[in-house]
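See structure below.
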Amino acid sequence: MPGSRLEGRFLHEQAAHHGFRLITPDRPGIGNSDYQPGRTLLDYPEDIRQLLDRLELNRFTHIGWSSGASRTLACGYRLSDRMDLGVCLSGYTHFAEYQGTHYLIEGTRWPGPRLAWYSPALVRLVVHLVTWLSQRYPGLYLREARHLVHEGDRQLLLELNKQNAFRNDQVACLNSGGKAIATDLLTELGHWQFQLADVQVPIWIYQGEEDAFIPIDYAQHLADKLPSPTLTLMPDYGHLYPLSPDFQAQLFRRLQRHLA
């Protein structure tokens, strides 16, 4: 977050090459999806259940990157009867169980859990302000992102933005407006309505050790609390490694072996 369904395009070539069908729905209020007030994190797996039923898919694996990892874990809790595996790529942990530092503002420059607990209304105000600025000055957010990320991440951004692919994804989300983005963020900053120990599917956790946005401690907390975790710490990787074709190829080959 910010992000949209367009992120599926970044992984499509490697997914298809390795025999996977990749489906990336917009979250409510983002892109082409209708806004839903009063959302909780557990509304997300119900959306996915309806999508699976409509597409007549019995089994699935869920991959969540950054903000999306909380959705992977929610599916692992609510849809364990249909979900083979969850993959969390540099994601948030469940802050209601986390004893470490609770930030007012996360490394992503979006509001953190402490601000959400103090005042959801203030979270909405901050997100509206950031979104408003980003809509009027489209290059502002990306310039800030380039400044924050690891050197390897800058190279990945440079390659993608030759076709404006990453920028188009970010803009698609930011143009959805602050109301939808704030509602979505608040679902993961508060209590998830389940514990990490309740997630009954295997979860692969990947974390770049040079990630400027997500502390390594979040990944280690997930590995400590989940029943069936596999933690992979990656030296010299930042936050944007899921954009790397080399990483994608490694991931999809590993998925092939596991699901076989």
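Quick check: anything in the range 61-70 loosely packed, with under 14 Cβ neighbours inside 10 Å and in contact with a helix residue (DSSP H, G or I) (Cβ under 8 Å, 6 or more places away or on another chain)?
No, the conditions are met nowhere in the range 61-70.
Which members of the range 222-237 meet the condition of being among the hydroxyl-bearing types (Ser, Thr, Tyr) and surrounded by fewer than 19 Cβ atoms within 10 Å (Cβ to Cβ)?
228, 230, 232
Would you check if there is a residue in the range 198-221 being in a helix (DSSP H, G or I), within 15 Å of the chain's Cα centre (by Cα) and surrounded by 17 or more Cβ atoms within 10 Å (Cβ to Cβ)?
Yes, because at least one residue in the range 198-221 is in a helix (DSSP H, G or I), within 15 Å of the chain's Cα centre (by Cα) and surrounded by 17 or more Cβ atoms within 10 Å (Cβ to Cβ).
Taking the range 1-15 on its own, how many of its residues are over 11 Å from the mean Cα position of the chain (by Cα) and either touching a residue at least 24 places away in the same chain (Cβ under 8 Å) or not in a helix (DSSP H, G or I) (or both)?
Residues meeting the conditions: 8.
Residue check, residue 30 against (1) farther than 24 Å from residue 175 by Cα; (2) assigned to a loop (DSSP other than H, G, I, E, B), all met but one. Which one?
It is condition (1) that residue 30 fails.
Taking the criterion of being more than 20 Å from residue 200 (Cα to Cα) and modelled with pLDDT under 95, would at least one residue in the range 53-66 satisfy it?
Checking the range 53-66: at least one residue is more than 20 Å from residue 200 (Cα to Cα) and modelled with pLDDT under 95.
In the range 16-35, which residues are in contact (Cβ under 8 Å) with a residue 40 or more places away in the chain and over 25 Å from residue 246 (Cβ atoms)?
Within the range 16-35, 27, 28, 29, 30, 31, 35 qualify.
Cβ contacts < 9 Å: first residue on the phi > 0 side of the Ramachandran plot and touching a residue at least 40 places away in the same chain (Cβ under 8 Å), restricted to the range 176-191; second residue surrounded by 22 or more Cβ atoms within 10 Å (Cβ to Cβ) and not aromatic (Phe, Trp, Tyr), any location; separation 6+ or different chain. Result?
177/131
Name the residue that is surrounded by the most Cβ atoms within 10 Å (Cβ to Cβ), counting only residues in the range 173-197 that are of a type in the set (Gly, Ala, Ser) and touching a Ser or Thr at 6+ places or on another chain (Cβ under 7 Å).
The qualifying residue surrounded by the most Cβ atoms within 10 Å (Cβ to Cβ) is 178.
Please verify whether the range 173-180 includes one or more residues that are out of contact with any strand residue (DSSP E or B) (no Cβ under 7 Å at 6 or more places or on another chain), more than 23 Å from residue 110 (Cα to Cα) and assigned to a helix (DSSP H, G or I).
For the range 173-180, residues out of contact with any strand residue (DSSP E or B) (no Cβ under 7 Å at 6 or more places or on another chain), more than 23 Å from residue 110 (Cα to Cα) and assigned to a helix (DSSP H, G or I): absent.
Considering the range 10-21 alone, what residues qualify as being surrounded by fewer than 16 Cβ atoms within 10 Å (Cβ to Cβ), in contact with a helix residue (DSSP H, G or I) (Cβ under 9 Å, 6 or more places away or on another chain) and either of a type in the set (A, V, I, L, M) or farther than 20 Å from residue 48 by Cβ (or both)?
If the condition is that a residue be surrounded by fewer than 16 Cβ atoms within 10 Å (Cβ to Cβ), in contact with a helix residue (DSSP H, G or I) (Cβ under 9 Å, 6 or more places away or on another chain) and either of a type in the set (A, V, I, L, M) or farther than 20 Å from residue 48 by Cβ (or both), then 13, 17, 18, 19 are the ones that fit.
Does the range 71-98 hold any residues that are touching a helix residue (DSSP H, G or I) at 6+ places or on another chain (Cβ under 8 Å) and either farther than 16 Å from residue 199 by Cα or in a loop (DSSP other than H, G, I, E, B) (or both), and which are they?
79, 82, 89, 90, 91, 92, 93, 94, 95, 97, 98 - these are the residues of the range 71-98 that are touching a helix residue (DSSP H, G or I) at 6+ places or on another chain (Cβ under 8 Å) and either farther than 16 Å from residue 199 by Cα or in a loop (DSSP other than H, G, I, E, B) (or both).
Which pairs do you get when a residue that is closer than 7 Å to residue 239 by Cβ and in contact (Cβ under 8 Å) with a residue 12 or more places away in the chain, found in the range 209-220, comes within reach of a residue that is buried (at least 17 other Cβ atoms within 10 Å of the Cβ) and aromatic (Phe, Trp, Tyr), reach meaning Cβ atoms under 9 angstrom, with the pair 6+ apart or on two chains?
Correct list of pairs: 211/237; 211/241; 214/92.
The values are calculated or read from the model by the stated rules, or taken from the named source; none is laboratory data. As the structure is a prediction and not an experimental result, all values here were calculated from the model. Methodologically, a virtual Cβ is constructed for each residue, glycine included, from the backbone with ideal geometry; neighbour enumeration extends over all protein chains shown.
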